[in-house]
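K.L.:
Submitted below is the structure of interest, expressed as structure tokens.
The values are calculated or read from the model by the stated rules, or taken from the named source; none is laboratory data. Remember, predicted model here, so these are calculated numbers, not experimental data. Cβ placement follows ideal geometry from the backbone for every residue including glycine, while neighbour counts extend to all protein chains displayed.
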Amino acid sequence: MVTKTSAPAAANASRSKSDKTRAERVRRLVTHVGLIAFGLVMLYPLLWMLSSSFKPTEEIFRDPSLLPGANFMPGNYTEGWTALQHPFHHYMLNSAVVVAGSIIGNLVGCSMAAYAFARLEFRGKKLFFAIMMMTIMLPIHVVIVPQYILFANIGWINTFLPLIVPKLLATDGFFIFLMVQFIRGLPKDLDEAARIDGCGHVRIFLRIILPLSAPALATTSIFTFIWTWNDFFSQLIFLTDPNMYTVPVALRTFVDSSSQTSWGPLFAMSVVALGPVFGFFLAGQRYLVKGIATTGIK
């Protein structure tokens, strides 16, 4: 009797397990199909821009297809590269200088400010931290006018200094908060052990905190690179000399309200301008994920 009753039960359990496995596979298939479809929708503007960079200007908005027609024009890239006052690599070098200075400034300024908030005790610490957090919500349009007046009075307009020097003063509250969260997760026993060995705050910061904060520093570098490379507003305000134009401002000069816009070369140079962003992001992607995952940002 035991054998007769246990056989159907085992068959029912096996069938139930098989049904659950099949339902799980269907659910995963539907999820993946939905994610792929959503990804294609998000990629469509980028693919359209890439396709338009190989089309004549008069066909770009007339033909919405993603495949270039018979009038395939790779010459848009060579035309766009030399269309402005300087070759396009001149503006990419300008952007590289601004980006490099901004990354160094944020790494130096924000890391020191974060160490002070995370490890030091001083009067008004909570108040200053709250003020720093509130600056994250402050739009750049609120401070751009007094900044322009200040930099104009000291002769910094049409130089890269207004775009780089403020970074050294830890003006990006987001990166300070990110590093504070990371440093707070490091054991304080390391600081105590180093202090017993005679280390002060400078040596603890340089020899212990900074090496262990590599994921947070990499995350700061990646975000700073992307945001600074794509920044248009600040660079447009402070850089009015065509010799000092960066990539976003140079791309704007392709659009002329008084004459015909060269859309083909514009899209071609836009594709070129995206290359460093994709390259830098892909190179540091694993550090970005690790940095965000270990800073308490959900």
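K.L.:
If Leu217 meets every condition in (1) farther than 15 Å from Gly105 by Cβ; (2) touching a residue at least 40 places away in the same chain (Cβ under 8 Å) apart from one, which number is that one?
P.N.:
Every listed condition holds for Leu217 apart from (1).
K.L.:
Looking at Thr240, Thr261, Thr228, which one is in the same structural domain as Ala100 (by TED's automatic domain parsing) and under 15 Å from the mean Cα position of the chain (by Cα)?
P.N.:
Working: Thr240 fails: under 15 Å from the mean Cα position of the chain (by Cα); Thr261 fails: under 15 Å from the mean Cα position of the chain (by Cα).
Result of the check over Thr240, Thr261, Thr228: Thr228.
K.L.:
When Thr228 is evaluated against the numbered criteria (1) outside any helix (DSSP H, G or I); (2) surrounded by 21 or more Cβ atoms within 10 Å (Cβ to Cβ); (3) of a type in the set (S, T, N, Q), which criterion, by number, is the only one it fails?
P.N.:
Only one criterion in (1) outside any helix (DSSP H, G or I); (2) surrounded by 21 or more Cβ atoms within 10 Å (Cβ to Cβ); (3) of a type in the set (S, T, N, Q) is unmet by Thr228, namely (1).
K.L.:
Looking at (1) at pLDDT below 90; (2) crowded, with 16+ Cβ neighbours inside 10 Å; (3) not in a loop (DSSP other than H, G, I, E, B), which is the only condition Phe254 fails?
P.N.:
Just one mismatch for Phe254, condition (3).
K.L.:
Specify which of the listed residues (Ile140, Ile154) is in the same structural domain as Thr246 (by TED's automatic domain parsing), farther than 29 Å from Ile208 by Cα, touching a residue at least 40 places away in the same chain (Cβ under 8 Å) and surrounded by fewer than 18 Cβ atoms within 10 Å (Cβ to Cβ).
P.N.:
Details: Ile154 fails: touching a residue at least 40 places away in the same chain (Cβ under 8 Å).
So the residue among Ile140, Ile154 that is in the same structural domain as Thr246 (by TED's automatic domain parsing), farther than 29 Å from Ile208 by Cα, touching a residue at least 40 places away in the same chain (Cβ under 8 Å) and surrounded by fewer than 18 Cβ atoms within 10 Å (Cβ to Cβ) is Ile140.
K.L.:
May I ask you to verify whether Ile222 is surrounded by 14 or more Cβ atoms within 10 Å (Cβ to Cβ), in contact with a Lys or Arg (Cβ under 8 Å, 6 or more places away or on another chain) and not polar (S, T, N, Q)? Working first, answer last.
P.N.:
Details: surrounded by 14 or more Cβ atoms within 10 Å (Cβ to Cβ): yes; in contact with a Lys or Arg (Cβ under 8 Å, 6 or more places away or on another chain): no; not polar (S, T, N, Q): yes.
No: the conditions fail for Ile222.
K.L.:
Moving on to the next point. Of all residues in segment 188-203, which are surrounded by 13 or more Cβ atoms within 10 Å (Cβ to Cβ) and not in a loop (DSSP other than H, G, I, E, B)?
P.N.:
Let us first name the residues in segment 188-203 that are surrounded by 13 or more Cβ atoms within 10 Å (Cβ to Cβ), namely 190-191, 193-195, 199, 201, 203.
Selection gives Leu190, Asp191, Ala193, Ala194, Arg195, His201, Arg203.
K.L.:
Separate question: So the check is Cβ under 6 Å with 6+ separation or different chains; which pairs have a first residue in segment 259-282 that's surrounded by 12 or more Cβ atoms within 10 Å (Cβ to Cβ) and a second one that's among the β-branched types (Val, Ile, Thr)?
P.N.:
As it stands, the answer is Thr261/Val255; Trp263/Thr57; Trp263/Ile60; Gly264/Thr57; Ala273/Val247; Val277/Ile226, since those pairs meet every condition given.
K.L.:
Go through (1) closer than 19 Å to Gly101 by Cβ; (2) modelled with pLDDT of 90 or more; (3) not charged (D, E, K, R) one by one and return the number of the condition Ile183 breaks.
P.N.:
Result: Ile183 passes all but (1).
K.L.:
Got a sec? Which helices (runs of 4 or more DSSP H) wholly within segment 35-130 have at least 1 residues that are of a type in the set (Lys, Arg) and within 30 Å of Phe205 (Cα to Cα)? Working first, answer last.
P.N.:
Numbers: elements: 57-60, 75-81, 88-119.
In segment 35-130, the matching helices (runs of 4 or more DSSP H) lie at 88-119.
K.L.:
Continuing with the same structure: Val99: assigned by TED's automatic domain parsing to the domain that holds Leu251, in contact with a helix residue (DSSP H, G or I) (Cβ under 7 Å, 6 or more places away or on another chain) and crowded, with 17+ Cβ neighbours inside 10 Å, yes or no?
P.N.:
Working: assigned by TED's automatic domain parsing to the domain that holds Leu251: yes; in contact with a helix residue (DSSP H, G or I) (Cβ under 7 Å, 6 or more places away or on another chain): yes; crowded, with 17+ Cβ neighbours inside 10 Å: yes.
For Val99, the condition - assigned by TED's automatic domain parsing to the domain that holds Leu251, in contact with a helix residue (DSSP H, G or I) (Cβ under 7 Å, 6 or more places away or on another chain) and crowded, with 17+ Cβ neighbours inside 10 Å - is met.
K.L.:
If I filter segment 117-137 down to residues being aliphatic (A, V, I, L, M) and under 15 Å from Thr171 (Cβ atoms), which single residue comes out as surrounded by the fewest Cβ atoms within 10 Å (Cβ to Cβ)? Please lay out each step first, then the result.
P.N.:
Of all residues in segment 117-137, those aliphatic (A, V, I, L, M) come to 118, 120, 127, 130-134, 136-137.
Next, only the ones that are under 15 Å from Thr171 (Cβ atoms) stay: 131-134, 136-137.
Numbers: Ile131: 11, Met132: 20, Met133: 14, Met134: 10, Ile136: 12, Met137: 7.
If we take residues in segment 117-137 being aliphatic (A, V, I, L, M) and under 15 Å from Thr171 (Cβ atoms), then Met137 is surrounded by the fewest Cβ atoms within 10 Å (Cβ to Cβ).
K.L.:
Let me ask you something else. All but one of (1) of a type in the set (A, V, I, L, M, F, W, C); (2) under 30 Å from Trp263 (Cβ atoms); (3) touching a residue at least 24 places away in the same chain (Cβ under 8 Å) hold for Phe223; which doesn't?
P.N.:
Checking Phe223 against (1) of a type in the set (A, V, I, L, M, F, W, C); (2) under 30 Å from Trp263 (Cβ atoms); (3) touching a residue at least 24 places away in the same chain (Cβ under 8 Å), the one that fails is (2).
K.L.:
Kindly evaluate Ile183 against the criterion of being surrounded by fewer than 13 Cβ atoms within 10 Å (Cβ to Cβ), part of a helix (DSSP H, G or I) and either hydrophobic (A, V, I, L, M, F, W, C) or outside the structural domain of Phe233 (by TED's automatic domain parsing) (or both).
P.N.:
For Ile183, the condition - surrounded by fewer than 13 Cβ atoms within 10 Å (Cβ to Cβ), part of a helix (DSSP H, G or I) and either hydrophobic (A, V, I, L, M, F, W, C) or outside the structural domain of Phe233 (by TED's automatic domain parsing) (or both) - is not met.
K.L.:
Also, quick follow-up: Given the options Thr220, Thr159, Thr240, name the one that is of a type in the set (S, T, N, Q) and assigned to a helix (DSSP H, G or I). Spell out the reasoning first.
P.N.:
Numbers: Thr159 fails: assigned to a helix (DSSP H, G or I); Thr240 fails: assigned to a helix (DSSP H, G or I).
That would be Thr220, the only listed residue that is of a type in the set (S, T, N, Q) and assigned to a helix (DSSP H, G or I).
K.L.:
Going through segment 45-88 one residue at a time, which ones are loosely packed, with under 15 Cβ neighbours inside 10 Å and closer than 15 Å to Leu274 by Cβ?
P.N.:
Residues satisfying the conditions are Pro45, Leu46, Leu47.
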